[in-house]
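Undergrad: What follows is a structure written as structure tokens; I'll ask about it next.
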Amino acid sequence: MFDLDGVVFDTESQYSVFWGEQCRLYHPDKPGLEDKIKGQTLVQIFDKYFSELKGEQPVIVRRLDEFERNMKFEYVPGFLDFVTALRGKGVKTAVVTSSNQEKMKSVYAAHSEFRQLFDAILTSEDFERSKPDPDCYLKAAAVFGVSPADCVVFEDSFNGLKSGRAAGMTVVGLATTNTEEAIRPYCDKVIKDYLQFTVG
């Protein structure tokens, strides 16, 4: 089971640019805020940092939608070969992301092959509770009719790593968004990308 940003696609640096602009506009007194919100859902970001700016939230959402329509969706190095090898061995694969269907339209437009890489794609519309709650990964396990203990989660953010761990799954952390040292306590294994990570 794969998260999307920072796990399938190397997009986190692009989001840092977007949120850097928004934070400088609305919170010029909090330099570096864009780094603190990495890996959080939009709802979590709004609740924690923009709760007093409810009138501006729809404006930010429109900017974000436009930004995502023009993002570059480049695979994390080695991912495409890795997921293809998994499927070649009959391993079921899924995307479990806090991104919404609107964003996924941009992903599908950029990568016509994307849907064929996964047996299931679960988005924010499919979950009642956001990461770090395990709801999303437990729902994904239910889709496949398997025990959480038989699932492997690939995540990069602290909330995502905690979600996989809380679901009782094996967790592989990607050091694409945070350092290896920072995420190590939340994972069973840490990798930088998929280039040296092979299917056994």
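The values are calculated or read from the model by the stated rules, or taken from the named source; none is laboratory data. None of these values were measured; they are calculated from a predicted model. Neighbour counts are summed over all protein chains in view; Cβ atoms, including those assigned to glycine, are modelled from backbone coordinates with ideal geometry. Heads up: the accessible areas ignore ligands, DNA and RNA and are worked out on the full protein's heavy atoms, side chains in. Shrake-Rupley method; radii C 1.70, N 1.55, O 1.52, S 1.80 Å.
Undergrad: Which of the residues belonging to the stretch 101-129 are open to solvent by 30 Å² or more (accessible area, probe 1.4 Å), in a helix (DSSP H, G or I) and among the hydroxyl-bearing types (Ser, Thr, Tyr)?
TA: Correct list: 108, 124.
Undergrad: OK, next. Since residue 145 meets every condition but one in (1) surrounded by fewer than 21 Cβ atoms within 10 Å (Cβ to Cβ); (2) within 15 Å of the chain's Cα centre (by Cα); (3) of a type outside the set (Asp, Glu); (4) over 20 Å from residue 76 (Cα atoms), which condition does it not meet?
TA: Only one criterion in (1) surrounded by fewer than 21 Cβ atoms within 10 Å (Cβ to Cβ); (2) within 15 Å of the chain's Cα centre (by Cα); (3) of a type outside the set (Asp, Glu); (4) over 20 Å from residue 76 (Cα atoms) is unmet by residue 145, namely (2).
Undergrad: Please verify whether the stretch 68-83 includes one or more residues that are over 19 Å from residue 11 (Cα atoms), touching a residue at least 60 places away in the same chain (Cβ under 8 Å), in a loop (DSSP other than H, G, I, E, B) and open to solvent by 40 Å² or more (accessible area, probe 1.4 Å). Spell out the reasoning first.
TA: The initial filter retains those residues of the stretch 68-83 that are over 19 Å from residue 11 (Cα atoms), namely none.
Looking through the stretch 68-83, none of the residues is over 19 Å from residue 11 (Cα atoms), touching a residue at least 60 places away in the same chain (Cβ under 8 Å), in a loop (DSSP other than H, G, I, E, B) and open to solvent by 40 Å² or more (accessible area, probe 1.4 Å).
Undergrad: Can you give me the number of residues within the stretch 13-29 that are outside any helix (DSSP H, G or I) and either open to solvent by 100 Å² or more (accessible area, probe 1.4 Å) or of a type in the set (D, E, K, R) (or both)? It would help to see each step written out before you state the result.
TA: Quick first cut of the stretch 13-29, residues outside any helix (DSSP H, G or I) only: 27-29.
Narrowing further to those that are either open to solvent by 100 Å² or more (accessible area, probe 1.4 Å) or of a type in the set (D, E, K, R) (or both): 29.
Going through the stretch 13-29 one residue at a time, the tally reaches 1.
Undergrad: Among the residues of the stretch 33-67, count how many are of a type in the set (Gly, Ala, Ser) and surrounded by 13 or more Cβ atoms within 10 Å (Cβ to Cβ). It would help to see each step written out before you state the result.
TA: Narrowing the stretch 33-67 to residues of a type in the set (Gly, Ala, Ser): 39, 51, 55.
Subset that is surrounded by 13 or more Cβ atoms within 10 Å (Cβ to Cβ): 39.
The qualifying residues number 1.
Undergrad: Within the stretch 153-188, how many residues turn out to be open to solvent by 60 Å² or more (accessible area, probe 1.4 Å) and either part of a loop (DSSP other than H, G, I, E, B) or in contact (Cβ under 8 Å) with a residue 40 or more places away in the chain (or both)?
TA: 3
Undergrad: Applying the selection to the stretch 17-51, what residues are under 16 Å from residue 158 (Cα atoms) and among the polar types (S, T, N, Q)?
TA: If the condition is that a residue be under 16 Å from residue 158 (Cα atoms) and among the polar types (S, T, N, Q), then 40, 41, 44 are the ones that fit.
Undergrad: Can you pull out every residue in the stretch 125-162 that is closer than 22 Å to residue 176 by Cα and not hydrophobic (A, V, I, L, M, F, W, C)?
TA: In the first step, residues of the stretch 125-162 are kept if they are closer than 22 Å to residue 176 by Cα; the result is 130-134, 136-137, 151-162.
Correct list: 130, 131, 132, 133, 134, 137, 155, 156, 157, 159, 160, 162.
Undergrad: Only one residue in 114, 144 is touching a residue at least 24 places away in the same chain (Cβ under 8 Å) and among the aromatic types (Phe, Trp, Tyr), so which one is that? Break it down stepwise before answering.
TA: Working: 114 fails: touching a residue at least 24 places away in the same chain (Cβ under 8 Å).
Every option except 144 fails the conditions.
Undergrad: Taking the stretch 89-100, which residues are touching an Asp or Glu at 6+ places or on another chain (Cβ under 8 Å) and open to solvent by 60 Å² or more (accessible area, probe 1.4 Å)?
TA: 92
Undergrad: Now for a different question. Of the conditions (1) of a type in the set (D, E, K, R); (2) touching a residue at least 40 places away in the same chain (Cβ under 8 Å); (3) under 17 Å from residue 21 (Cα atoms), residue 35 clears all except one; give me its number.
TA: Among (1) of a type in the set (D, E, K, R); (2) touching a residue at least 40 places away in the same chain (Cβ under 8 Å); (3) under 17 Å from residue 21 (Cα atoms), residue 35 violates only (2).
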